[in-house]
1. Rounded to the nearest 0.05, what FRET efficiency do THR460 and GLN153 give with R0 = 56 Å and r taken as the Cβ-Cβ distance? Could you check?
2. Would you calculate a helix-derived [θ] at 222 nm for the chain, using -39,500 (n - 2.57) for each DSSP H run of n ≥ 4 and dividing by the full residue count, to the nearest 500?
3. Hey, rough spin-label estimate for SER226 and GLU640, points 7 angstrom out along Cα→Cβ, what's it come to in nanometres?
4. Highest first, please rank the peptides 403-410, 118-125, 275-282 by the mean number of other Cβ atoms sitting within 10 Å of their residues.
5. What list of ³J(HN,Hα) couplings, whole Hz, do you get for segment 550-561 from phi and the Karplus terms 6.51, -1.76, 1.60, once you set θ to phi - 60° and write x for glycine and proline?
6. Extending each Cα 7 Å along its Cβ direction at THR647 and PHE444, get the distance between those two points in nm, one decimal.
7. Report, in debye and to the nearest 20, how large the dipole of segment 178-233 comes out about its Cα centre when Lys and Arg carry +1 and Asp and Glu carry -1 on their Cβ.
8. What length, rounded to one decimal in nm, is gained on full extension from LEU406 through to LEU592, with 0.36 nm per residue of separation minus their alpha-carbon distance?
Amino acid sequence: MKKANLFIFLLLPLFCLAQSTFQLKGKITDETAALPWENIVVFSPEGKIVDGTASKEDGTFEITISKGFYKIKISPQGLMNWEKDILIEKDIDLGLILLTKKTNNLDEVVITTKKRTIEQKIDRLIYNVENNVSTTGGDALSAINTAPGVVVQNNTINILGKGSSRVMIDGRIVELSGEELNGFLKSISANDIKNIEIITNPPAKYDANGTGGLININLKKGTRDSWKNTTTLSYDQNKYGNYTLRNNFFYNKNKFRFSMSANAKSGYRNADENLKLYFPDGLQHMNAQSKINEDNLSGKLALDYDISERTTVGFQYLNDRKNPNFKSDIIIKNYDTENKMNSIVLNDGFNNKNSGNQTYNFHLLTKLDTLNRKFSVDVDYFNYDSKFDRDFTTRKYTPDMIFISLDQYGRNISNQNIDNRSVKADMEHPLEFVNLSYGAKVSFTKSESSLLSYDNRSGTPVVDLNQSNEFEYQENNQAIYVSGNKKFNDKFNLQLGLRAENTQTNGYSANLNQEIKNNYFKLFPTFYLTYKKNENNSFNFNYGKRINRPRFDLLNPFRTYINSNSYSEGNPFLKPSFSNNFEVSHSYKEVLRTSFFINTITDGYGVIFTSDPATNTQVVTRENYYKGINYGFGESYTAEITNWWSTENTLYLLGSKTTFTSGINATPTNGLQLDFSTSNTFSLGEATKLQVDYTYSSPVKSGLYTVGYMSGLNIALKQNLFKKSMQIAFLANDIFNTAYLKDFVSVVNGIKQVYSQNESSRFFRFSVIYNFGNTKISVKQRDFGNEEEKRRLGK
């Protein structure tokens, strides 16, 4: 508490600075008459909306605004856009603003404008998904995987060189991870995404959790004064096939905005896993083949209403239900020291799994006065529940398939429920000296999991209390933050932030009668500096401190058997790890971007695959076992080569230096990795686009593990029909079936383990998208020009 009081005391002088404002006015007309109800929007140099208004019936407008550099923009329907950069240091009358008609006949033009695929802001990289052909008909997870510097591997979303990343939807954290997070993202249509923000060093406004930064998915809000419906039908073919049907509806008129989407998926995918364990008395080779059900039903509902020109309230609801049943056939072949097979173990199992999550959000945004002070509140509730029912039988045979023994015949029933409640308040408080923002958040999370294990070998199910457990975990977090942004002139822009988080955790295992409590207070500073040398060159330096708290399932101490010779267990004593992240970047003409980063990690934790040579058993554990440094050099090039060929390319050279801090019987390995990707889009005509993508990651040694190479060639084709009201698309993904995890090697206790996993990396997709709607809804008054503000945490 003393630290918190000192933190607040140090910030008080910033709140006491004076504010001076000026009047900006003008009149909007076309060639014949004044234009009422047109939106005038004021942007900061960073592209952030700071104010706006609508012209009156006689076309005049007036805005009260503080001193500074701004961009004024008017975007009328049917007329040319009007923009002006201006320095406000006195009252300014823009006079008569004449808007002219667009010269192009829109009915005959297929593409009028195109956003830059990649946009660099002071604290994030913005990736516009709509330019990517391969995401057509796909989902949010596949869209994230096409973002520059982002890789989805082994159920983990990583920013290259920085580690696993947390995901936000419209600026709100998704309280899922791993397989559950990926399943949720697959329920969101890529066509429903406006853009993706890659935030390697998140500002103080965002939660400090996650060493790999944040990935924020901004969903489309719909065009003003219009309604639109988009229906997508796609078919994926891997070893099996699955169908997806999506429908997105947007309605936006006057003070009311409404959107609704529904997604349904049915079919199967194949998963192939291989594990080789080199024990002193011979090789143990496991292969698992699974046919996984992809049945999924999800939906989203969002409402926003302008109570007045200054105040907006809204509600958002997301629901996702899935039933990923799968049958797994596991074969374990045991060899002697002369590589001669001496036995075969067959593990047949059926896994019945039901899971779902619900997200509720209520938000309010109000502009307090003419000084541009804005206050927003978000109230969120998130719930995730799952039930996993697994029947399995393990039989042992001779190499000639003569039955030897029944090793296991059982059933495991596990349940998990996660509840998260949070309230967040944010304030934008522009002052003459600095654009100040500050706020607070409280979050309450509770996780309950249980496992009942039955032994059926006698013919009658008997509860095995030694393998059954209940685990409860609670985590409460209180946070306050302050951030200040100062543009000194046309060249320098500085942003400073500080976030304070206080966390309490409590984990209890009923079977072990064990309770673990933690209580800690931490400060997380952030720093951003940009220097624009000239029109072609700009430099950026940023720093941020982050925390990586263990997932709930990693803290559960109970032992779960994968098969008779392999089990996994959590660790309730896991501590959070911390990282300090530094990055320097240079941008040339917003076409060529060069970056260099260094991240230091302390108390690093992760999965350890330990093998016991005495019992030929594999144990999967989690420990805080290392400290290290990750570093990297990145180059990205985005350009329009010709009017029919555009290209996006990234090249990363990554490295690490890891030191083990616990007593694990292993030696760290360190090395360099090369990661390359290229995406090339060709306009074959006014309505036809072809995209060819290639990715390559070299083999790498890092810490406890070495990982084999990965590469992938994708080809996508999109055809617009009926003036873009219909689109058909085809995608061939990972044509040569090489973009999967392979040669994942670790050596612990002298036992070498080699693992690979391929979950339908190669597949073919055919999609049909149909759009219809009306952009000419008759309105008497247009809504206030602050649509971007209403993203609340997504700026």
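1. 0.80
2. Computed ellipticity for the chain at 222 nm equals -1000 deg cm²/dmol.
3. 2.1
4. Those peptides, ordered most packed to least, come out 118-125, 275-282, 403-410.
5. Rounded to whole hertz, the list is x, 5, 4, 5, 6, 8, 5, x, 6, 8, 10, 7.
6. Calculated label separation equals 5.7 nm.
7. So the dipole magnitude of segment 178-233 works out to roughly 320 debye.
8. Full-extension gain reported as 60.7 nm.
Taken together, the values in this text are just the output of simple stated rules run on the coordinates, not laboratory data. Note that the structure is a prediction, hence the values are computed from the model and not measured. Counting neighbours? That spans all protein chains shown, and the Cβs are built from the backbone with ideal geometry, glycine included.
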